[in-house]
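Step one of this worksheet: look at the structure below.
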Amino acid sequence: MTAPPLPSPSAAPCLPADTGSPGSAGGHPGGSDFAQLSRRIASAGLMRRCPVYHAVRLTLVAGAFVAGWLVFAAVGDSWWQLAVAAFMALVFGQVAFVTHDIAHRQVFRLRRPSEIGGRICADLAIGMSYGWWMDKHTRHHANPNHEELDPDVVPDVLVWSQNQAEKSTGLPRFIGRRQAYLFFPLIFLEGFYLHVASFRGLRSTAVKRRGLEAVLLCVHLAGYLGVLFLVLPPGKAVVFLLVHQGLFGVYLGCAFAPNHKGMPTFTGDQRPDFLRRQVLTSRNIRGGWFTDIALGGLNYQIEHHLFPSMPTPHLRRAQPLVRAYCAELGIAYHETGFIASYAEALRHLHRAGAPIRAGAPARDGGD
């Protein structure tokens, strides 16, 4: 289900890109339209690695992570810990973005250091299974917004199309009626969902080193809960946990939802070539340096999906090249503001739930 891998950049900042490996998330089949764009991107030097950038970024994020827990210990039994919880929610989100870049081989060229770094950041630091997420994210990159192939648009809670709504039963059907209004309350639960889904995901044979990941997740859970309940009385510890994990989920939801939600979806044999598959299903978010930092570079979702291993700081430079090339081919390139992206996504969710609100009986999933 995954596409062949995208060439990953070389280890040195001034060397050309080398070939990728099957373990890197995402890829491309080398179609003629994409090949021409890929040559332009490579000629501009945008696949070259950025070791200094990543070293600085990793240092800052790691420093913020350690500093946050030191402040937590220093503040002690106080309701000011809720401010620490909010800060740590942002830090956990930044760690998730770093994990994302590591998974795409932007930071380390080889698989082993990428897996080690990914497991430290994901499993140990924030309690999310790196292997489970890698499997899920690789399938998403190969077939974004395909209702049968992209795990990110599976109707497990929300329905993403009227076709899914007509077939929905249980929780998706119950929520789907008013899902546009419930979207933001639901993403408050995203942080909790990631922890639960990580443990559940370890049952899959697609996840490598499941025993190791289970141990790392348990170490995180024991350390996280142990620190909370050692420093805070039970009531405040529970409130800290709810605020921290809730805001962490909101942060991730706000960062990832604008990327594809509300963009065209595919079903069955609908599968355009790689270039169109990635561009037509993705949405860019306009903004400056603050947006780039807050969204971890994922505001350049089109460029990221076309070139997953492109270092994050190069995405902004790649954008005009990709946009101009899409204009040459007559491919719709969608970019909008942050607030407008949510308006589009929520309108789409509301339209998707229309069959449920109309009282249409659930169709057989095999129809």
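None of the figures in this text is laboratory data; all of them are computed from the coordinates on show. Bear in mind the structure is a predicted one, so any value in this text is a computation, not a measurement. Methodologically, a virtual Cβ is constructed for each residue, glycine included, from the backbone with ideal geometry; neighbour enumeration extends over all protein chains shown.
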#### Entry: Residues of the range 34-56 classified as charged (D, E, K, R) and more than 17 Å from Tyr325 (Cα to Cα), total
2
### Message
Which of the numbered conditions does Val154 fail, given that it passes all the others? Conditions: (1) of a type in the set (Val, Ile, Thr); (2) within 30 Å of Met263 (Cα to Cα); (3) in contact (Cβ under 8 Å) with a residue 24 or more places away in the chain.
### Response
(3)
### Task
From (1) assigned to a helix (DSSP H, G or I); (2) touching a Cys at 6+ places or on another chain (Cβ under 9 Å), pick out the condition that doesn't hold for Gln106.
(1)
### Task
For the range 200-219, indicate whether the set of residues that are farther than 18 Å from Ala83 by Cα, touching a helix residue (DSSP H, G or I) at 6+ places or on another chain (Cβ under 6 Å) and exposed (fewer than 15 other Cβ atoms within 10 Å of the Cβ) is non-empty.
yes
### Message
With the structure loaded, tell me whether Ile331 is buried (at least 21 other Cβ atoms within 10 Å of the Cβ), over 29 Å from Ser114 (Cβ atoms) and in contact with a helix residue (DSSP H, G or I) (Cβ under 8 Å, 6 or more places away or on another chain) or whether it fails that test.
### Response
no
### Task
Name the one entry in Leu346, Leu298, Leu280 that is buried (at least 18 other Cβ atoms within 10 Å of the Cβ) and farther than 25 Å from Leu90 by Cβ.
Leu280
### Query
Looking at the range 279-294, is at least one residue in a loop (DSSP other than H, G, I, E, B), over 20 Å from the mean Cα position of the chain (by Cα) and in contact (Cβ under 8 Å) with a residue 60 or more places away in the chain?
no
## Note on the structure
Condition set part of a helix (DSSP H, G or I) and more than 24 Å from Arg347 (Cβ to Cβ), scope the range 153-192, selection nearest to the chain's Cα centre (by Cα): answer is Gly191
### Query
Is one or more of the residues making up the range 142-154 small (Gly, Ala, Ser), buried (at least 19 other Cβ atoms within 10 Å of the Cβ) and more than 30 Å from Val66 (Cβ to Cβ)?
yes
### Task
Might you let me know whether the range 69-87 holds any residue that is outside any helix (DSSP H, G or I) and either at positive phi or among the basic types (Lys, Arg) (or both)?
yes
